[in-house]
Each structure stands twice: as structure tokens, then as C-alpha cells.
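Down below is the structure, laid out as C-alpha cells.
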């Protein structure tokens, strides 16, 4: 190799290593900044949702002078009466009842289905049940409401000789809606149980079911609880499907077959018909604030379960 | 500049130590690597040979807990100096990894991607670079009719030669090969070794290998590492016949490793 | 012996549950499709609704749903990609990152009606736009962002690390590596997730009631001026989507064939959701195969 080309190459090496390509550098930094801004936007959105809903929702108490305790515990909702009474207890009760009912129906079914597809028939589970569950997740809530309205409500009406719009109808529709959530999350946590634990139990002479019941379910308990709470959070916040089938009365229900109201249905039905800034309208925003706070509560419960789960492991 | 001042040494390390967190993986390495030669790094796994190799083009920067002390110079420039542009360094010091890692792109795109990024946009010139790189990597005849197919459709050995071609396309000065044949069958391994021998005319090659025969076959200089330390750095012929150090002797004769 | 019987019984019960779930889906789809089948004709899909008389269609609603979907995705996908890239490639292990993670968690568990109300406050009232498609698209962006971020982050994390190393070792900058190497390799995952998110947008109603509104102006489908109130393409006009229409017809439909219209609309919505779901399934696999196969 000639002397000249060596010198040239040598200076070329240093030049390559020391020179910055300004365009590349700018692009690199801009990219990082854009990505960071997008991520930061998530924080901005959450903070502004909290701020705006809270400031509207709190004005019931601080501007219109409604007492918080009365608001939460009064069983009478008469916003257009003289004097107007803003008792949202029936809505709160309705939300909790319908959510609990849905969870009571969906939890055993969902966890059962999860066991079926992980422990009993994994092949069939993967090929058939899993896609079925994913399809169920994809069905829009208004379609669930529509089916509830055209199928379930008339059915209850004929069977029990009642109105049909009821806590029961709401609970069943919601159970169907949260079933896929519970199943898929529970299935993931059951699948995460180490095979060694199962083998140890089976080696001790336990039957398959004893193994599932005592070992698998026991060690996937936090995951199954998470699944149920996630499902309940979804049920609590669901608006239209529920509103379509529960009848929307603010009287307290006496049985499963009585109509009810929920926080979401109250907001859905009245937000459009009330005037911005009136105490009635503000009361609806306070109900929205309650929904928001409840989703914070659900997140906290999920975090606590998650932490417990880690400690156990 | 005269011939006498032109450095024979391309890479020089002085007191180089590499830490992962508190753990020291490589200790006080001093070595000079000669231009246009093949240098082999050998030693049992975990001896720090790959770690040292990866600090020569600063791939260790990817590991947040990793810290390098001492100085590594390439052609007289300290690569860890703040003036050094890491992208530029990696153009000069190319790398091929243990497992072939072609991009999820066509064969052509795998080669053309980096030159285009570094400013070569002329279509005809790119075609030339692609052909030349594939020829140098002894792959051209096998793929010239399927340049638009996915690189993942190639066999494992072909994929690794594609990765070498991809590195060559950058016109680097140094090629770092990190156990390039360890995942390949014997025939593919042989092809890679032949390739290394031909490439040394143009490039300085540093190859990490756990295969002693491979080191003996392809390299002029061999460095033996043990527990993060450079035990012996010697001419390969000397190293495999009468090593200076008894530990080298023990390792080479297969008493441990 | 008792244990054996329990084991048997449990298997039978769990199998029954699985059958029940599959039966429910089949029954649900069957019911909706048979109920709505007779309405699935071109006239129903293209003609405008009639509030009091029979014979109304869902043309504008169908168009609104599709247009809203496009608008939402145009806003949400870039934001989701950006934030997902940040979470997978840049996020350091610090409080800021934890805060973003918590925000994603909060956003994904927010009831959609709450998102809609936030939209009403900010995108409808504060901006002074009133009920508009654009407000609806922004609300749906908020609603879908956590899903898109998660999808992008997961897809990027699933790209083998060696891809990134290969690119960086060639002296490619980090950003270019992300854009030109990692994102293409993550594409199948991102596409699948995005199509599923699109299905959610298409079916969402609660977040739209008070943002895009519950009515549409009389649209003139020959008018393409973006700022004309009767132009279908004007993003600043109110728009009732198909999902909202189903809800409205069921709760306050006056037309004698309101039930019929609801049947038809539900069938259309379900078919759309099926298409989204199946295409997500096939498309992801297909593009992955295409990327890794010989024939290109």
C-alpha cells in the first residue's frame, strides 16, 4: 500500500470519528423530544381530566351549597322540586348493586372458563375459546344493550310478570360484558403458575381437580382477584348498555326484578337536557366526579392486590 | 508525514477496565492491535473477551450500568473522548455478532440501509456498493438473483455472511467479529474462516472465538484472557506451540475451559 | 373415591361453562344477524334516517362512523406511536416514567362516559366548537390512547434486541434505528393492535353522546367543501354515528319501524366488528410472513 493513500486514510479515519452530521444529530434529538412530548401528553390529559371534572363536580357543594353528606346519603332525588333535593344515594346503590351482581355471575364463569382453557383442554382453549372470548370483548356495548333490550327484558317480563327493566337484566348484560375481561386476565395468571407446583401436587397423588383447587388456584389468587376487580371497574363505568335495560327509576329497588338507576345512566339521560351551570347540571357533574373517584379506588385496589401478590411470591 | 511515523498500530488500549455496576469484568488491559492483521481473543466463557471487544466500538454504551476506564485509541483518537461522534466511530469500527441478525428487510436493503443513511443516495452507486460488499463476503453468486427477497429466507451461514457484507459496505477500517461462527454448522464455519483470511488484506480484524483451532487457523496474533485479565498476547504460532505462560499452556492443551 | 368423583364433576362443570360461553357468542351473533339480515340492502345502508316515518336508513350514520374512525386514528396513532416509542426506548427508570405508567393505567380504566364528559367540557364548550366530529375524534383519542401506547410498547419490546444492536453497530443514530429498523419489525404487532383499537372506536357510543352529538345535519354527498355545514367531510359539524344511532333509536325512536332500524344497525355494527377482528388476526400474520418469507 502506498504511503500517500495511507496518510489519506489515516486522516479520513479521524475525520469520520470526530465529525458530526448536523442533520442526523438534529433528527435524533427532535425524535427524542417528540416521543417525550407524546408521553408527557398522557400526564397532561389525566391531570386535566381530574382537574376539570373535579372543579365542575365540586361546584355543587361550594357554589350551590349542597351538603356533601346529604348528597351522598339522601335517598330522594328530586332536582326539579321546590326545594330541589339532590340525593344520589339511589344512583350509587344502583351502581354498586348492578356491579356486584355482574361480578357474582361472571367471576365463577370467567375463572371456570380460564381453568378450562389453561388446565383441562389447552388446545381447544387456544383454538376455540380464546378467539371466542376476544370476539366477545370486541362487541360494542350498545349492541349488548340492544340485545338485552330486545331479548332479555321481554324474557324477564314474561317469566316473572314484571316490567322487565330491572337490576337483574342490568346484572346479566354486564356479566356478559365483563366475562371476557375476567376470563383472559385469570387465564394469564393461571398459565403463569409454575409447572413444578402442579407436578409436585400430582406426584403426591392428588387428582387433577385437587391440584387445580389447592395449588393452582391458590397461587394464582392475586391474578384472579385482579381479573374480578378489572371486570368490576368496567361494569361500574359502563353507561349505555346498562341504561338501556335497567328502567332508570330513582326509587330504591326491593328485589332483583325492580328497576334501578346507576350513576352512569343518570348522567347519560339528563346531561343533555339540563342547562350548563344550573345546580341540577352541576349535580350531574358531581356524579361524574364520583365515577372518576371510583376508578381511582379500583386502581388502588388493583395496586394493593398486585403488591400482595408479589409478597406472596 | 513519513512512512516511519505512520503507526503500525491501529487500536491501542491502555489500562482498560470495564465495570458492570460494581463488578469488574475486564482489568487493566494493555494491548496494541496491528493494522491489516487478524487478532484472535480466546479464553473460557466469562473471561471478558467479548466485553473488551464490545468496548472497542462502544456497544457497551447500550448497557446503562457499564463503565469503561483507561484509554482505547483507534488510529490515535481516544474513542471515549467527548469529541468523538459515536456514529462515526462505528462507521470506522464495524461489528458482526454471535448470532446472525439481518434486518427484517430484503437482502438488498440490508446492505444498502447504512450507506444510504450515511449519505450515499445515488441509486447506481448504491447498487455498486451492494454488489461489491456481497462479492467480498463471497455471497454474491448465491443471492444475486434474489436481492429483493427477505434476508430471513437465507440459511444461517448465508445470513452471517450477509451481516459481514453489511458491515463491509460501511467501508470500515476495523471489523470486530464476536464469535461469528459459533452458531453455524462446520461447512458454514469454514466459509466464514476463509472469508476472514481474505478480508484481512483490507481490514483489521479482531475475532473473538471459543474455538482454539479457529484461532490457530485464521489469526496472526492471539490474546488469551482469563478472569478479566490478559494473560498472554503473542504471535499465534508461538502461542500454540510454546506459550510463555503456563496458564495459556494449560488452557490450550485442554486442561480447563 | 370421593376425590375421583369430584374430579369428574369439576371437569363436567367446567366444560359446561365453556360450552355456555361459546353458545352465548354463537347465539348472540346468530340473533343479531338473523334479526337484521332483511335490512342489509343498499337502500338501508345509503339512505338517510327518517325520524317519524318508516323506511329510514343509516347512510349518514355509517359514513359518520367511518369518517370519525379515520379522524380519530389520524390523531391517535401518531400520539400512541410517539408515547409507545418513549416508553419502550427512552423511558429512564424514574418518577416521570412511573407517573406516565400510572397515567396510562388511569386512562385505560376511566369509564368512557367520563371521557365523553371531559370532551364536553374541553373540546365542545371551552373551544366553542359545539358538538363536532373533531371533538368526538379528540374524545376517542383520549379513550384509545392508553391501548395504542401499550400496543406499541409491547410490539417494540418484542422486537429482538439484536435488531437494534445490528443497526447501532452500523453507526445509525438511535432515532433512525427506531424508525427504520425497530418500527418496521414491530409492525405486525402494532397493526393488529391498531385494528382492534379501530374496532373499539367504531363501536363506541358513550364518549360520543356529548362530543360528536346525537344528530347530523342533512348531508349533501356532492358537496366536498371542508367548511360547508352540509358537507359530509366538514370535521366541524355534529355527527351521529352508527353506535349512537342504535342507542338513540332504542331509547327514543319514534318511527314505526324503529325496532327494524335498530335490528339492521346492530347487524351492520356487528359485521363491521367481525371484519375488524378477523382482519386484525389475518393481517398481522400475513405481514409478518411477508416480511420473513422468500417471495417478496
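If the requirement is being under 22 Å from residue A:76 (Cα atoms), in contact (Cβ under 8 Å) with a residue 40 or more places away in the chain and facing chain C (nearest Cβ under 10 Å), which of these qualifies: A:256, A:284, A:240, A:289?
Of A:256, A:284, A:240, A:289, the one residue that is under 22 Å from residue A:76 (Cα atoms), in contact (Cβ under 8 Å) with a residue 40 or more places away in the chain and facing chain C (nearest Cβ under 10 Å) is A:289.
Return the pairs, sorted by first residue and then second, in which the second residue is surrounded by fewer than 12 Cβ atoms within 10 Å (Cβ to Cβ), the first residue lies in the range C:1-27 and is at pLDDT 90 or above, the beta carbons are less than 7 Å apart, and the residues are 6+ apart or on different chains.
As it stands, the answer is none, since no pair meets every condition given.
If a residue counts only when it is at the interface with another protein chain (Cβ under 7 Å from one of its Cβ atoms), in contact (Cβ under 8 Å) with a residue 60 or more places away in the chain and within 24 Å of residue C:196 (Cβ to Cβ), which helices (runs of 4 or more DSSP H) contained entirely in the range A:96-170 have at least 2 such residues?
So the answer is A:141-147.
Being part of a loop (DSSP other than H, G, I, E, B), within 26 Å of residue C:121 (Cβ to Cβ), within 14 Å of another protein chain (Cβ to nearest Cβ) and within 13 Å of the chain's Cα centre (by Cα), is that true of even one residue in the range C:207-215?
Taking every residue of the range C:207-215 in turn, at least one turns out to be part of a loop (DSSP other than H, G, I, E, B), within 26 Å of residue C:121 (Cβ to Cβ), within 14 Å of another protein chain (Cβ to nearest Cβ) and within 13 Å of the chain's Cα centre (by Cα).
Restricting attention to the range C:142-167, report how many residues are assigned to a helix (DSSP H, G or I) and at the interface with another protein chain (Cβ under 9 Å from one of its Cβ atoms).
Total meeting the criteria: 11.
Among the residues of the range B:40-52, is there at least one that is within 14 Å of chain C (Cβ to nearest Cβ) and either buried (at least 16 other Cβ atoms within 10 Å of the Cβ) or in contact with a helix residue (DSSP H, G or I) (Cβ under 8 Å, 6 or more places away or on another chain) (or both)?
yes
Answer with yes or no whether residue C:25 is assigned to a helix (DSSP H, G or I), within 8 Å of chain A (Cβ to nearest Cβ), under 21 Å from the mean Cα position of the chain (by Cα) and at negative phi.
It is true that residue C:25 is assigned to a helix (DSSP H, G or I), within 8 Å of chain A (Cβ to nearest Cβ), under 21 Å from the mean Cα position of the chain (by Cα) and at negative phi.
Need the failing condition index for residue C:234 against (1) closer than 22 Å to residue C:74 by Cβ; (2) facing chain A (nearest Cβ under 8 Å); (3) part of a loop (DSSP other than H, G, I, E, B), just the number.
Here residue C:234 clears every test but (2).
Only helices (runs of 4 or more DSSP H) wholly contained in the range B:31-126 count here; list those with 1 or more residues that are within 26 Å of residue B:239 (Cα to Cα).
Fully inside the range B:31-126 and qualifying: B:49-55.
Which of the residues spanning the range A:259-281 are more than 10 Å from every other protein chain (Cβ to nearest Cβ), surrounded by fewer than 19 Cβ atoms within 10 Å (Cβ to Cβ) and not in a helix (DSSP H, G or I)?
A:274, A:275, A:277, A:278
Checking the structure you have, find out if any residue of the range C:170-179 is surrounded by fewer than 18 Cβ atoms within 10 Å (Cβ to Cβ), within 11 Å of chain A (Cβ to nearest Cβ) and not in a loop (DSSP other than H, G, I, E, B).
Yes.
Give the residues of the range C:161-216 that are closer than 30 Å to residue A:268 by Cβ and touching a strand residue (DSSP E or B) at 6+ places or on another chain (Cβ under 8 Å), sorted by residue number.
Correct list: empty.
Would you confirm whether or not the range C:36-59 contains a residue that is in contact with a helix residue (DSSP H, G or I) (Cβ under 6 Å, 6 or more places away or on another chain), part of a helix (DSSP H, G or I) and within 12 Å of chain A (Cβ to nearest Cβ)?
yes
Considering only the range A:28-54, state which residues are touching a residue at least 60 places away in the same chain (Cβ under 8 Å), over 20 Å from residue C:101 (Cβ atoms) and more than 7 Å from every other protein chain (Cβ to nearest Cβ).
Listed by number, the list holds a single entry, A:54.
Taking the range C:23-49 only, how many residues are over 30 Å from residue C:215 (Cα atoms) and surrounded by 16 or more Cβ atoms within 10 Å (Cβ to Cβ)?
Total satisfying the criteria: 1.
Would you mind stating whether residue C:222 is surrounded by fewer than 21 Cβ atoms within 10 Å (Cβ to Cβ) and either out of contact with any helix residue (DSSP H, G or I) (no Cβ under 8 Å at 6 or more places or on another chain) or in contact (Cβ under 8 Å) with a residue 12 or more places away in the chain (or both)?
Against the criterion (surrounded by fewer than 21 Cβ atoms within 10 Å (Cβ to Cβ) and either out of contact with any helix residue (DSSP H, G or I) (no Cβ under 8 Å at 6 or more places or on another chain) or in contact (Cβ under 8 Å) with a residue 12 or more places away in the chain (or both)), residue C:222 qualifies.
For residues that are under 21 Å from residue B:206 (Cα atoms) and surrounded by 22 or more Cβ atoms within 10 Å (Cβ to Cβ), scanning just the range B:129-156, find the one that is modelled with the lowest pLDDT.
B:137
Take the residues of the range B:53-73 that are without any contact (Cβ under 8 Å) to a residue 40 or more places away in the chain and either on the phi > 0 side of the Ramachandran plot or out of contact with any helix residue (DSSP H, G or I) (no Cβ under 8 Å at 6 or more places or on another chain) (or both): which is surrounded by the fewest Cβ atoms within 10 Å (Cβ to Cβ)?
In this case the residue turns out to be B:64.
Answer with yes or no whether residue B:126 is closer than 18 Å to residue B:172 by Cα and either free of Cβ contacts under 8 Å to residues at least 12 places away in the same chain or surrounded by fewer than 24 Cβ atoms within 10 Å (Cβ to Cβ) (or both).
It is true that residue B:126 is closer than 18 Å to residue B:172 by Cα and either free of Cβ contacts under 8 Å to residues at least 12 places away in the same chain or surrounded by fewer than 24 Cβ atoms within 10 Å (Cβ to Cβ) (or both).
Yes or no: the range A:56-65 includes at least one residue that is within 11 Å of chain C (Cβ to nearest Cβ), assigned to a helix (DSSP H, G or I) and either touching a helix residue (DSSP H, G or I) at 6+ places or on another chain (Cβ under 9 Å) or within 30 Å of residue A:275 (Cα to Cα) (or both).
Taking every residue of the range A:56-65 in turn, at least one turns out to be within 11 Å of chain C (Cβ to nearest Cβ), assigned to a helix (DSSP H, G or I) and either touching a helix residue (DSSP H, G or I) at 6+ places or on another chain (Cβ under 9 Å) or within 30 Å of residue A:275 (Cα to Cα) (or both).
Residues B:34, B:23: which one is surrounded by fewer than 17 Cβ atoms within 10 Å (Cβ to Cβ), within 16 Å of the chain's Cα centre (by Cα) and modelled with pLDDT under 95?
B:34
The values are calculated or read from the model by the stated rules, or taken from the named source; none is laboratory data. From a predicted model like this one, the values you see are computed outputs, not experimental measurements. Backbone-built Cβ (ideal geometry, glycine too); neighbour counts: all protein chains shown.
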